[in-house]
1. Would you pick out the residues in region 265-279 that are touching a strand residue (DSSP E or B) at 6+ places or on another chain (Cβ under 9 Å) and either open to solvent by 100 Å² or more (accessible area, probe 1.4 Å) or closer than 30 Å to Thr234 by Cβ (or both)?
2. Out of the residues in region 309-329 meeting the condition of being touching a residue at least 40 places away in the same chain (Cβ under 8 Å) and open to solvent by 100 Å² or more (accessible area, probe 1.4 Å), tell me which one is farthest from Lys228 (Cα to Cα).
3. Can you name the condition, by its number, that Glu158 falls short on among (1) open to solvent by 10 Å² or more (accessible area, probe 1.4 Å); (2) over 25 Å from Asp9 (Cα atoms); (3) at pLDDT 70 or above?
4. Filtering region 119-155 down to residues that are open to solvent by less than 30 Å² (accessible area, probe 1.4 Å), farther than 26 Å from Phe35 by Cα and outside any helix (DSSP H, G or I), which residue is modelled with the lowest pLDDT?
5. Considering only residues that are surrounded by fewer than 21 Cβ atoms within 10 Å (Cβ to Cβ) and either among the polar types (S, T, N, Q) or in a strand (DSSP E or B) (or both), which ones fall in region 14-34?
6. Checking the condition open to solvent by less than 100 Å² (accessible area, probe 1.4 Å), within 30 Å of Gln37 (Cβ to Cβ), assigned to a loop (DSSP other than H, G, I, E, B) and among the small types (Gly, Ala, Ser), which residue from Ala238, Ala306 passes?
7. All but one of (1) more than 17 Å from Ala44 (Cβ to Cβ); (2) β-branched (Val, Ile, Thr); (3) surrounded by 23 or more Cβ atoms within 10 Å (Cβ to Cβ) hold for Ile178; which doesn't?
8. Among the listed residues Glu249, Glu244, which satisfies the condition of being at pLDDT 85 or above and surrounded by 10 or more Cβ atoms within 10 Å (Cβ to Cβ)?
Amino acid sequence: MTAYTNNIDYKRAAGLFYSRDEAEAAVRGLKDAGFDQDKISVIARDADKVEGVETTEEVGNKADEGAAAGALTGGALGGITGLLVGLGALAIPGVGPILLAGAEATAIATTLAGGAIGAATGGLVGALIGLGIPEEKAQVYSDRVAGGSFLVMVTGTEAEVKRAEIIMQRCGVEEFGIYNAPNAVAQPAQPAPAPRAEVANDDSVKLYEERLVADKERHKAGEVSIGKKVETETAKVAVPVEKERVVIERTTPTNETAVAPGTVDFSGKEVAHMDIYEESADINKEAFVREEVKVHKEVERDTVEAQETLRREELDIDVDGKPTIHKNR
């Protein structure tokens, strides 16, 4: 079981891959991104159910035989094909023979082989629940593994599992989830002594270092809907109008002079005619452009900073005796 530092809140990312190629691409992508091998685990059906892979032995659900033959620690993680070849199969109730690789999978194998979780608690379901995965999701993972899918798990800090999510999504992960890792809080592991290995003449020793790998994904942050609404108000307008009226003035002549006989017609006929006019207001409504509104998008750029502790390997030369050593560079 991988040991982690107590004061860090660790998370566990888990998801399913339908095919071996997808799972292999995910594991390779995680390793290329700098993930430690002991943080990656894979659980899959017995290799005889996977095309092109053969198992070499079967391990029953017996405590005395242990889980070592049914699981492989992270040190041998590679492509999925290389990962599963030569592994034993561990019989899990309700699932059947499965293959496990990685630190978390080793813990599951140890638990199941020791009989701590039996068929009554769902076998693999109970083991996954023990790793902090909710029961409903654990059941889905168990059913899909039984059907031939590959379950890939990654344990790390919140920032690390977020990076793992991007890589796994790119490879077609299904039923992905990030969960608390309650059993990933322990005292720092004591490193095992490095094995002594003879190096052939002119052979090379590779030194590794970790690097930060950044990626971006675009997602919808919101939406803006622009419409128009009608507001009403009462407007008044004053229109001056003209009306004609007839003014009749009557006066008494000061010089009364008689008119000639026969020149006055007392028949009562019309002696004057006038047309009278007046103006009336004709008010209509017309629409005019009051203002124009232009809508466009602008991109604001910001820089998001993240900080991680990176590790780098350096040569540590232990000299026994008085050999002659020449260092180039």
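1. Start the filter on region 265-279 by keeping residues that are touching a strand residue (DSSP E or B) at 6+ places or on another chain (Cβ under 9 Å), which leaves 276-279.
If the condition is that a residue be touching a strand residue (DSSP E or B) at 6+ places or on another chain (Cβ under 9 Å) and either open to solvent by 100 Å² or more (accessible area, probe 1.4 Å) or closer than 30 Å to Thr234 by Cβ (or both), then Tyr277, Glu278, Glu279 are the ones that fit.
2. Residues of region 309-329 touching a residue at least 40 places away in the same chain (Cβ under 8 Å): 310-315.
From the residues that got through so far, the ones that are open to solvent by 100 Å² or more (accessible area, probe 1.4 Å) too are 311-312, 314-315.
Working: Arg311: 59, Arg312: 61, Glu314: 67, Leu315: 71 Å.
Across region 309-329, the extreme among qualifying residues is Leu315.
3. Unmet condition: (2).
4. Checking each candidate, the answer is Gly122.
5. Correct list: Ser19 only.
6. On the way: Ala238 fails: within 30 Å of Gln37 (Cβ to Cβ).
Answer to the selection: Ala306.
7. (3)
8. Glu244
The values are calculated or read from the model by the stated rules, or taken from the named source; none is laboratory data. Bear in mind that the values here come from a model prediction, so they are computed numbers and not experimental data. Neighbour counts are summed over all protein chains in view; Cβ atoms, including those assigned to glycine, are modelled from backbone coordinates with ideal geometry. Keep in mind that these areas ignore ligands, DNA and RNA; they rest on the heavy atoms of the full protein, side chains included. Shrake-Rupley method; radii C 1.70, N 1.55, O 1.52, S 1.80 Å.
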